[in-house]
1. Which ones in the range 146-185 are at pLDDT 90 or above and among the hydroxyl-bearing types (S, T, Y)?
2. Check every one of the helices (runs of 4 or more DSSP H) wholly within the range 1-112 and list those with 2 or more residues that are at pLDDT below 85 and not acidic (D, E).
3. Of these, I129, I76, I143, which one is out of contact with any Asp or Glu (no Cβ under 6 Å at 6 or more places or on another chain), in contact (Cβ under 8 Å) with a residue 24 or more places away in the chain and surrounded by 12 or more Cβ atoms within 10 Å (Cβ to Cβ)?
4. Exactly one of these conditions fails for I277: (1) assigned to a helix (DSSP H, G or I); (2) closer than 25 Å to F140 by Cα; (3) in contact with a helix residue (DSSP H, G or I) (Cβ under 7 Å, 6 or more places away or on another chain). Give me its number.
5. Does V294 meet the test of being among the aliphatic types (A, V, I, L, M), without any contact (Cβ under 8 Å) to a residue 12 or more places away in the chain and not assigned by TED's automatic domain parsing to the domain that holds P47?
6. Check V141, V128, V181 and return the single one that is under 16 Å from the mean Cα position of the chain (by Cα), at negative phi and assigned to a helix (DSSP H, G or I).
7. Confirm whether G244 is small (G, A, S) and assigned to a loop (DSSP other than H, G, I, E, B).
8. When the residues of the range 184-206 are narrowed to those that are within 18 Å of the chain's Cα centre (by Cα) and more than 17 Å from I253 (Cβ to Cβ), which ends up surrounded by the most Cβ atoms within 10 Å (Cβ to Cβ)?
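The values are calculated or read from the model by the stated rules, or taken from the named source; none is laboratory data. No experiment lies behind these values; they were computed from the predicted model shown. Here the Cβ positions follow ideal geometry from the backbone for every residue, glycine too, while neighbour counts run over all protein chains shown.
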Amino acid sequence: MQQKTEPGIAVPVLAKRSIWKDIVHDKYLYLLFLPGALLLLVFKYFPLYGIIIAFKDFNIFSGVSGSEWVGFDHFIRLFQTPDFKQVLWNTLVISFYKLVASFVFPIILSLLLNEVRHMAFKRITQSVIYLPHFISWVVFVGIITAFLNPVDGLFNYVLKLFGGAPIDFLGSADHFRAVLVSTDVYKGVGWGTIIYLAAISGVSPELYEAAIMDGANRFRRMWHITLPAIRPVIIILVILSLGGILNAGFQQIYLLYSPLVYDVGDVIDTYVYREGIQSANYSFATAAGLFQSVVAVILIVTANKIASKFGDGGLW
């Protein structure tokens, strides 16, 4: 199909295909996409109907439709509850520490691994640092508890050798957040390096060769070539991480914390679990969870707009 703009000049115009023709043409690709789409629909979108519980005084015997509508009463009570203010603060602090640590350490580790020239050592190191990611938090917490046991744990054994007093890391408000952040980084830092190493592998070797000819050392090459090259990937991962700023990690905290450290370790996820499951206060817990999700959406959209405004791209 051609469109005439000037005499003797023809500009080709692509005919638009309908969505159904696209599906028929790329049917095998859509078949591959179908299981993932069904998974999202069943476990992510269909349950969204349940958020209506946050606006009702839900009674398990009356059901969702039969429960009394109370509007924003649960949200008002949520923000007026002294415990929630402390829980929100704990969530923000722990999530911020985790966000910074999980943002910095994988980048540094990726840059260091990229400079390793002994391939056998590099492969072994990568395998070792990837391994913790594949261990469930239940098993990993068991290992952490054994290491940090105040009676016979390895860390306290070393402290005793150097004349120090044993420390109850998991029962001390001064040390609990440090344990959460350090163990989370240790478990996930290897997995985070995979994305950054993949991005680094796409950097043109000619840029490094030109920098070497100009006399740049390894640090200068990392700073002026590698980091700018992977900056778009870093920004996208930061935007995605901001969506979980109020998700401090339920499994890890629930398995590690105790009433001794509620003041510094209780977060929205554990608070919702106690109120919703243990206390059967479903509407109140749903309101807290909905507040968490709304804040996450706002942060993702805001971060994406800021990134797009400064010309660094974004998710959309």
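1. S182, T183
2. 19-25, 63-66
3. Only one candidate qualifies: I129.
4. Tallying (1) assigned to a helix (DSSP H, G or I); (2) closer than 25 Å to F140 by Cα; (3) in contact with a helix residue (DSSP H, G or I) (Cβ under 7 Å, 6 or more places away or on another chain), I277 fails exactly one: (3).
5. So V294 passes the test.
6. Residue meeting the stated conditions: V181.
7. yes
8. T193
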